[in-house]
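To start, the structure itself, in structure tokens.
Throughout, read-outs are computed from the coordinates displayed, never taken from laboratory work. Predicted, not measured: the structure shown is a model, and the values here were computed from it. Quick reminder, even Gly has a Cβ in these numbers, built from the backbone with ideal geometry, and neighbours come from all protein chains shown.
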């Protein structure tokens, strides 16, 4: 892929400044759309859930959010999450959901997520958060 094509793919009107879209549906998206997002220090894989699959209406599901090993413990996870939260708002999500590993529940709680009391698979902890309006 040419550098110009790569640059175009990373510039989306719904992506906050500092967040690259590495993979996604382009400007035409809807329920079921998936994206891979990155900020140079880490990446996130997200899905705009179909209504019948989500706990709340218009939910952006965070499948994965990971910061490079060498960049951990310096606040980069929170910075990446805040960009993803802005992304969620920009694509029209009202809620965010994650099925967290037990050892990461504290991080997600600090980001404003609350446990739902439901377990879906693998002992992960289901958590949701309302997307703030700015």
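Criterion first (touching a strand residue (DSSP E or B) at 6+ places or on another chain (Cβ under 8 Å), surrounded by 13 or more Cβ atoms within 10 Å (Cβ to Cβ) and over 17 Å from residue 132 (Cβ atoms)) does residue 67 satisfy it? Reasoning before the result, please.
Working: touching a strand residue (DSSP E or B) at 6+ places or on another chain (Cβ under 8 Å): yes; surrounded by 13 or more Cβ atoms within 10 Å (Cβ to Cβ): yes; over 17 Å from residue 132 (Cβ atoms): yes.
So residue 67 fits the description; yes.
Give me the pairs: first residue in segment 44-55 and farther than 15 Å from residue 94 by Cα, second residue surrounded by 18 or more Cβ atoms within 10 Å (Cβ to Cβ), beta-carbon distance under 6 Å, and six or more apart or on different chains, which are they?
44/37; 44/65; 44/84
Looking only at segment 49-63, which residues are crowded, with 19+ Cβ neighbours inside 10 Å and out of contact with any helix residue (DSSP H, G or I) (no Cβ under 9 Å at 6 or more places or on another chain)? Give the steps one after another, and end with the answer.
As a first pass, look at segment 49-63 and keep what is crowded, with 19+ Cβ neighbours inside 10 Å: 49, 54, 59-62.
Residues satisfying the conditions are 49, 54.
Considering each of 31, 27 in turn, give the residue that is more than 15 Å from the chain's Cα centre (by Cα), free of Cβ contacts under 8 Å to residues at least 60 places away in the same chain and not in a helix (DSSP H, G or I).
The conditions single out 27.
When residues of segment 85-106 are filtered for being outside any helix (DSSP H, G or I) and surrounded by fewer than 16 Cβ atoms within 10 Å (Cβ to Cβ), how many remain?
3
Hey, residue 82 hits all of (1) assigned to a helix (DSSP H, G or I); (2) touching a residue at least 12 places away in the same chain (Cβ under 8 Å); (3) within 15 Å of the chain's Cα centre (by Cα) but one; which does it fall short on?
With respect to (1) assigned to a helix (DSSP H, G or I); (2) touching a residue at least 12 places away in the same chain (Cβ under 8 Å); (3) within 15 Å of the chain's Cα centre (by Cα), residue 82 is out only on (2).
Can you say whether residue 44 is within 27 Å of residue 118 (Cα to Cα), crowded, with 16+ Cβ neighbours inside 10 Å and touching a helix residue (DSSP H, G or I) at 6+ places or on another chain (Cβ under 9 Å), as far as the supplied structure shows?
Yes; evaluated as a whole, the condition is true for this residue.
Select from segment 120-132 the residues that are under 16 Å from the mean Cα position of the chain (by Cα) and in a loop (DSSP other than H, G, I, E, B) and write down the one among them that is surrounded by the most Cβ atoms within 10 Å (Cβ to Cβ). Before the answer, list the steps.
Within segment 120-132, the subset under 16 Å from the mean Cα position of the chain (by Cα) is 126-132.
Next cut, in a loop (DSSP other than H, G, I, E, B) only: 131-132.
Details: 131: 21, 132: 10.
By that ranking, first place goes to 131.
Go through segment 107-119 residue by residue and tally those that are within 17 Å of residue 73 (Cβ to Cβ) and assigned to a loop (DSSP other than H, G, I, E, B).
1
With the condition kept exactly as written, say whether any residue in segment 96-117 is closer than 24 Å to residue 41 by Cα and touching a residue at least 40 places away in the same chain (Cβ under 8 Å).
Yes.
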